[in-house]
Amino acid sequence: MDGITIARIVHIVAILFWIGGVAFVTLVVMPSVRLTHPPAERLAAFHKIEHRFAPQARLWVALAGISGFWMIWQGQMWHRFADAHFWWMHAMVAVWLVFAAMLFVIEPLFLHRRMADSVSPTEDFARIERMHRVLLAASLVAVIGAVGGSHGMF
């Protein structure tokens, strides 16, 4: 088994857990919190759950980024970023950059403090829920594009 195959395995498993986790939080956890907690308590309830998930998300996002970069570098695939037929590679990188920025910079440095001092927890929870839906939709576009594109569909 060569290095690219191992990197692809790591990449796919990382994306499975990363995007699968985003889907679970967006489609199961957040609606459950919304249905079982009064509006003013939703943000705090969500953060109790999210606090345990964030380290796992950081691990999977880091592994996806490292393995993806390694495959592009080893496979000498940089030229694909100049070809519109490989739009899905741009989509993967864009989604990864957003999540990496959120998990490694925005959340730990700014967002946790802001949410702890929230003056409008009801609106903040609604905003976080909308953001998760948008990020899940963008992630699905990237995944569908990557699977189809890597098999010649685009």
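From Ile49, Ile15, Ile19, grab the single residue that is in a helix (DSSP H, G or I) and open to solvent by 60 Å² or more (accessible area, probe 1.4 Å).
Details: Ile15 fails: open to solvent by 60 Å² or more (accessible area, probe 1.4 Å); Ile19 fails: open to solvent by 60 Å² or more (accessible area, probe 1.4 Å).
Of Ile49, Ile15, Ile19, the one residue that is in a helix (DSSP H, G or I) and open to solvent by 60 Å² or more (accessible area, probe 1.4 Å) is Ile49.
Collect the residues in region 54-71 that are small (Gly, Ala, Ser) and under 17 Å from Val98 (Cβ atoms), keeping them in residue-number order.
From region 54-71, those small (Gly, Ala, Ser) are 54, 57, 62, 64-65, 67-68; that's our starting set.
Hits for region 54-71 are Ala54, Ala57, Ala62, Ala64, Gly65, Gly68.
Return a yes/no flag: does region 80-88 have any residue that is closer than 18 Å to Val25 by Cβ, loosely packed, with under 14 Cβ neighbours inside 10 Å and at pLDDT below 95. Break it down stepwise before answering.
Step one: filter region 80-88 for residues closer than 18 Å to Val25 by Cβ, giving none.
Within region 80-88, none of the residues are closer than 18 Å to Val25 by Cβ, loosely packed, with under 14 Cβ neighbours inside 10 Å and at pLDDT below 95.
Please verify whether region 92-113 includes one or more residues that are among the charged types (D, E, K, R), in contact with a helix residue (DSSP H, G or I) (Cβ under 6 Å, 6 or more places away or on another chain) and surrounded by 12 or more Cβ atoms within 10 Å (Cβ to Cβ). Even if it seems obvious, please write down each step before you answer.
Residues of region 92-113 among the charged types (D, E, K, R): 107, 113.
From the residues that got through so far, the ones that are in contact with a helix residue (DSSP H, G or I) (Cβ under 6 Å, 6 or more places away or on another chain) too are none.
No: zero hits.
Conditions (1) under 15 Å from Glu107 (Cβ atoms); (2) touching a helix residue (DSSP H, G or I) at 6+ places or on another chain (Cβ under 7 Å), marked per residue:
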site	(1), (2)
Phe24	no, no
Val28	no, no
Arg34	no, yes
His37	no, yes
Ala40	no, yes
Val61	yes, yes
Gly65	no, yes
Gly68	no, yes
Met77	no, no
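Please go through region 1-12 and pick out each residue that is surrounded by fewer than 19 Cβ atoms within 10 Å (Cβ to Cβ) and touching a Ser or Thr at 6+ places or on another chain (Cβ under 6 Å).
Val10, the sole residue that qualifies.
I need the full set of residues from region 64-79 which are assigned to a helix (DSSP H, G or I) and open to solvent by 60 Å² or more (accessible area, probe 1.4 Å), in order please.
Ile66, Phe69, Trp70, Trp73, Gln74, Trp78, His79 - these are the residues of region 64-79 that are assigned to a helix (DSSP H, G or I) and open to solvent by 60 Å² or more (accessible area, probe 1.4 Å).
Taking Ala57 as the residue in question, decide whether it is surrounded by 14 or more Cβ atoms within 10 Å (Cβ to Cβ), in contact (Cβ under 8 Å) with a residue 60 or more places away in the chain and of a type in the set (A, V, I, L, M).
So Ala57 does not fit the description; no.
Across region 120-153, what is the total count of residues that are part of a helix (DSSP H, G or I) and either open to solvent by less than 60 Å² (accessible area, probe 1.4 Å) or in contact with a strand residue (DSSP E or B) (Cβ under 8 Å, 6 or more places away or on another chain) (or both)?
Number of matching residues: 19.
The values are calculated or read from the model by the stated rules, or taken from the named source; none is laboratory data. Keep in mind the model is a prediction, meaning the values are calculated, not measured. Positions of Cβ are generated from backbone atoms using ideal geometry, with glycine treated the same way; all protein chains shown enter the neighbour counts. These accessible areas exclude ligands, DNA and RNA; they are computed on the full protein's heavy atoms, side chains included. Shrake-Rupley method; radii C 1.70, N 1.55, O 1.52, S 1.80 Å.
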